[in-house]
Amino acid sequence: MAVSVEAGTAVILTLSPPPLTAANFRRRFPKSLRQSSLFSGVSLTIRSPNFRNITVSQRSSQGDFYGSSKDLSLTPTPVLTFAKGLLKFVLSNFLPLALVGGVALGFYSPALGCLAHKYSLSKYITCWLFFLSGLKSQDGDLKEVVEAWPAFLFGLASILLVCPIFSKLILKIQMVPQEFITGLAIFSCMPTTLNGGVALTQLVGGNSALALALTVISVLLGILTVPLWITKFIADGFGVTIPTWQLFQNLLLTLIVPLVLGKVLRNLFPGVARYVERNEKFFSITTSIVLGLFPWMQVGKSRQLLLMVKPAIFVSAVVIGIVVHLSFLVFNATLVRSLSVGSSSWKSVFRKEENRRALTLVCSQRSLLMATAVVEQLGGVLGETGLLLLPCVAADVNQLESSSETAVAM
């Protein structure tokens, strides 16, 4: 705190002690102390019991306090202000920081990442994360979804059928290593993200029930469409065969079963739902930390290959990921607005601002968690898993930031 003393000027102390009353204040400051020369002429005021602040002022003529005569004032230091701002930034950007931290840890400590990957830790983490997603998923208003059925059908078509076609365009880009481009193509075939879209929709006052329904149904149907699109759009170009049925079964066991179990547990035991809601911040931070373990393991396993990649190449892949996400945003926003033109009764659904906001945000995001599970199940058929996953992590960080800015602008 800043401290200064000057002769003949007011001395102000602003303190924040525990709850204080007039009675125990007198007990803390004996009469002999209050009548001492140091506190001569002091006015003591309790501003409010709620704020628990004490203002002590004095017109001092002694001219000497700690060896000098200056104003004494206690104010927050720049260090404390900076620490509070830094903590606020970390908490509001915890997931991007966890993902970036996982990448950095993979470069710094590859041995532990390789060991974790050897024992299939990522498979168990995936099951746990989808179980947590089921526990945290809230029930939407079915009536709102039924009334907005044209928007719901459009959202499913955009997420599961239209946006994956962008992967064909992405694959036309040539880059060394080509896994960066392949990873972005795989990422574009994924359904929407599990939590981000619903949270951002609530933030901008969109139709959160519609966003939740699109998220759940697209993930459930995604285990059917993702293997098909990867086989048709990506694997055929490499001349490799992907065991579609086996991939479907693995995704069903590692994604859908834990998700449904978490949701059933939440609905059967109201106490579980209340506990999760009371500790929402804890579960959110835990999910972010665990999700950050994926790039740690994959980068650690592929560290030697990644070190051979020129930084300019990786930056180019990041820029391509940004362009892809912005393309999703522009495409969905434009198409939704165009569907609102006309006099048909079903078009009135697209004229509602809350529906347009939900569709634009949810349809433009992809699920990093599901992309990681798919890359793991492919077993290196389409390239080194670490090289495939790294651009997906960068794209996810970008979509979190750009979607947040889009939400604020809405």
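The values are calculated or read from the model by the stated rules, or taken from the named source; none is laboratory data. Not measured: the values here are computed from a predicted model. Methodologically, a virtual Cβ is constructed for each residue, glycine included, from the backbone with ideal geometry; neighbour enumeration extends over all protein chains shown. We work out accessible area using only protein heavy atoms, side chains counted, and drop any ligands, DNA or RNA first. Shrake-Rupley method; radii C 1.70, N 1.55, O 1.52, S 1.80 Å.
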- Message: Yes or no: region 240-260 includes at least one residue that is of a type in the set (A, V, I, L, M), more than 23 Å from S158 (Cβ to Cβ) and assigned to a loop (DSSP other than H, G, I, E, B).
- Response: yes
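Based on what the data block shows, is R274 assigned to a helix (DSSP H, G or I) and open to solvent by 80 Å² or more (accessible area, probe 1.4 Å)?
yes
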- For Q304, are the conditions met, namely being open to solvent by less than 20 Å² (accessible area, probe 1.4 Å), in a helix (DSSP H, G or I), out of contact with any strand residue (DSSP E or B) (no Cβ under 9 Å at 6 or more places or on another chain) and polar (S, T, N, Q)? no
- Query: I165: open to solvent by 50 Å² or more (accessible area, probe 1.4 Å), at pLDDT 85 or above and over 29 Å from V257 (Cα atoms), yes or no?
  - Reply: no
- Among (1) of a type in the set (K, R); (2) open to solvent by 70 Å² or more (accessible area, probe 1.4 Å); (3) closer than 25 Å to I159 by Cβ, K263 falls short only on (2)
- Message: Contact list please: Cβ distance under 8 Å, first residue in region 115-129 and in a helix (DSSP H, G or I), second residue among the hydroxyl-bearing types (S, T, Y), pairs at least six apart or on different chains.
- Response: A116/S122; S122/T372; K123/T254; T126/T254; T126/T372; C127/T254; L129/T287
- Query: If we keep just the residues of region 81-113 that are open to solvent by 40 Å² or more (accessible area, probe 1.4 Å) and at pLDDT below 80, which is nearest to the chain's Cα centre (by Cα)?
  - Reply: L95
- From the list L142, L135, which one is closer than 16 Å to S288 by Cα and either among the hydroxyl-bearing types (S, T, Y) or at pLDDT below 85 (or both)? L135
- Item | Exclusive hit being aliphatic (A, V, I, L, M), at pLDDT 80 or above and open to solvent by 10 Å² or more (accessible area, probe 1.4 Å), set V240, V323 | V323
- Out of all the residues in region 99-111, which are part of a helix (DSSP H, G or I) and either over 30 Å from Q249 (Cβ atoms) or basic (K, R) (or both)? V100, G101, V103, A104, L105, F107, Y108, P110, A111
- Across region 145-162, which residue is modelled with the lowest pLDDT among those that are of a type outside the set (F, W, Y) and open to solvent by 70 Å² or more (accessible area, probe 1.4 Å)? V146
